[in-house]
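Q: Have a look at this one.
Bear in mind that the values in this text are calculations on the coordinates, not laboratory data. None of the values given here were measured: they were computed from a predicted structure. Note that we place each Cβ from the backbone using ideal geometry, even for glycine, and neighbour counts take in every protein chain shown.
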């Protein structure tokens, strides 16, 4: 077979494959987006201790949402999306649509000085089963193999954790992947992010168990055995995530 | 084109053999020792093992079929690249379709779907069989080898989940049996990758014990 045949074959093959993949990807994109949005709502609801299937998540989310906020790094509320009226009372970009991956990048770049405009942080105010309002903080960090993320709901005192949900892209099944189980996230209930003096101490995921460590029980949870790096990732994610919200929390506590 | 005129029935003894041989006598994992890496990575639990097994069966059947159909057009000098392109396109397609229609399954498999590209069994069969044989036998060969891979995966996943986490398909069997109360402890080693090698080793041992023709095959 001649060289020109090889080139022709390769060119046709590449163009054909690219066309098929592009076509399928753009056809399926709306469905994938819907799945992702519903999942995000499910995760936010999960942190507020409302467990729903992904199919009903969109409906329940609308029902349970009090407001979506965007918060400046100085702690001011820059956007308010009212959940019951489903309209903006301030600002115009829905905090729900913020991409956490991009946000974390922007925050890093802003702190290094390579980004001019300061990013704003999303915050979700949800109504739980007892009709109490909960503040759900989205978090994102790194596990062993890839990104991990989660949501943590604080009670009205902006200190006590009401619930949490975590998930991951590709942590090891049976080990780090266990952060998305209820057994892991339930431990966070009633832990606190501030100590008695009002200092931010966050919540640590403790290897070997909280009981055997010097960390008080309301500031730590048990790590996953065999999933140390993922567990440490959760610790860093919570600490780094809440640090950005501290001005807001201090202002409204 | 003399070969094209012979009419083999769809499931002639020859074709049936293509399907059944890789299950035992020419098993890709225990005899050809291919695809070991993925057998280590995803068999901690039964569920990802099963989903991975199904995905590999589908992709391998289709990849073998496609390569066999275009086998006379493929320039030999770039055949490996062509095979890789076909496999990876199929894997990307599978990933996209799962994400749109079976979102939960797609989340579970996550990075492992991508790993199918690197599964040496697929490349091995494309090169050894599909590029020299007609579409139907190639398809059967692909499915057969994928099943041979799949059952080992499921067996390894079963034992690792049972002994390592005390569960079967997420069902806490050991807890329900009350094993923990009488002092039973999960074996943490089974969760780690080497455990898959131990189990594959045991399977190979039993396998060769039962099939003497496999001993000293070299």
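Q: Can you put A:68, B:212, A:239 in order of Cβ neighbours within 10 angstrom, beginning with the fewest?
A: Least to most surrounded, the residues fall as B:212, A:239, A:68.
Q: Let me ask another. In what order do A:168, B:207 fall by count of nearby beta-carbon atoms within 10 Å, going from fewest to most?
A: B:207, A:168
Q: Another question about this same structure. Would you list A:132, A:3 from fewest to most Cβ contacts within 10 Å?
A: Details: A:132 12, A:3 9.
Fewest-to-most Cβ neighbours within 10 Å comes out as A:3, A:132.
Q: Testing the spin-label approximation: label points 7 Å from Cα along Cα→Cβ at residue A:117 and residue A:207. State their distance in nm.
A: My value for the distance between the label points is 4.2 nm.
Q: Quick one: helix B:46-69 against the long Cα principal axis of chain B, what's the angle to the nearest 10°, folded into 0 to 90?
A: Around 0 degrees separate the two axes.
Q: Between 0 and 90 degrees, rounded to the nearest ten: what's the tilt of helix A:100-112 against the longest Cα principal axis of chain A?
A: Computed tilt is about 80 degrees.
Q: When a/c reaches 1.5 or more, the comparison of a/b and b/c decides; with that in mind, is the range A:67-193 rounded, prolate or oblate per its Cα gyration tensor?
A: Note, shape of the range A:67-193 comes out oblate.
Q: Over chain B, with a Gaussian network built from C-alpha contacts below 10 Å, which listed residue (B:190, B:174, B:60) shows the highest mean-square fluctuation?
A: Top of the fluctuation ranking is B:174.
Q: Can you divide the C-alpha Rg of chain B by 2.2 N^0.38 Å and report the result to two decimal places?
A: With N residues counted in chain B, Rg over 2.2 N^0.38 Å equals 1.13.
Q: With a 10 Å cut-off between alpha carbons and a GNM built on chain A, which of A:46, A:141, A:226 moves the most?
A: A:226
Q: Tell me what chain A gives for mean residue ellipticity at 222 nm when only DSSP H runs of n ≥ 4 count, each as -39,500 (n - 2.57), the sum divided by the residue total, rounded to 500 deg cm²/dmol. Kindly include the intermediate steps, with their values, before the conclusion.
A: Numbers: 5 runs with 99 residues, N = 253.
Dividing the helical sum by the residues of chain A leaves -13500 deg cm²/dmol.
Q: Then there is this: Note down the nm distance, to one decimal, between modelled labels 7 Å out along Cα→Cβ at residue A:160 and at residue B:180.
A: Placing both labels 7 Å beyond Cα along the Cβ direction yields 2.8 nm.
Q: Computed FRET efficiency, Cβ-Cβ of residue A:129 and residue A:229, R0 45 Å: what is it to the nearest 0.05?
A: My answer for the efficiency is 0.80.
Q: Right, here's the next one. Please find the FRET efficiency linking residue B:85 to residue A:183, where r is the Cβ-Cβ separation and R0 is fixed at 30 Å, and quote it to the nearest 0.05. List each step's numbers first, then the result.
A: On the way: r = 43 Å, r/R0 = 1.45.
So the FRET efficiency works out to roughly 0.10.
Q: Also: Tell me, what is the FRET efficiency for residue A:1 and residue B:50 to the nearest 0.05, using R0 = 30 angstrom and their Cβ-Cβ distance as r?
A: 0.10
Q: If you stretched the chain out fully between residue A:88 and residue A:76, how much longer would it get, using 0.36 nm times the residue separation minus the C-alpha to C-alpha distance?
A: 2.7 nm
Q: Looking at chain A as a GNM with Cα springs under 10 Å, which of A:196, A:157, A:76 has the largest mean-square fluctuation?
A: A:196
Q: If contacts are Cα pairs under 8 angstrom and at least 6 residues apart, what is the relative contact order of the range B:28-210 in percent?
A: 36
Q: Return the calculated 222 nm mean residue ellipticity for chain B, to the nearest 500 deg cm²/dmol, obtained by summing -39500 (n - 2.57) across DSSP H runs with n ≥ 4 and dividing by the residue count.
A: On the way: 11 runs with 139 residues, N = 218.
Result for chain B: -20000 deg cm²/dmol, rounded to the nearest 500.
Q: Expressed as a whole percent, how much of the Cα-Cα distance distribution for chain A exceeds 26 Å?
A: 46
Q: Something else about it: Under the rule a/c < 1.5 gives rounded, and otherwise a/b versus b/c splits prolate from oblate, where does the range B:93-216 land using the Cα gyration tensor? Display every interim value, and only then the final one.
A: Values: a/c = 2.81, a/b = 1.38, b/c = 2.03.
Oblate shape, in that a/c is at least 1.5 and b/c is the bigger or equal ratio.
Q: So how tilted is helix A:3-47 from the main axis of chain A? Cα-based, degrees 0 to 90, rounded to 10.
A: 20
Q: Then there's this: Suppose the Debye formula is applied to equal point scatterers at every Cα of the protein assembly as shown; what is log10 I(q)/I(0) at q = 0.12 Å⁻¹?
A: Ignoring solvent entirely, the Cα scatterers give -1.11.
Q: Now for a separate question. Give the distance, in whole Å, between the Cα centre of the range A:62-94 and the Cα centre of the range A:124-203.
A: 21
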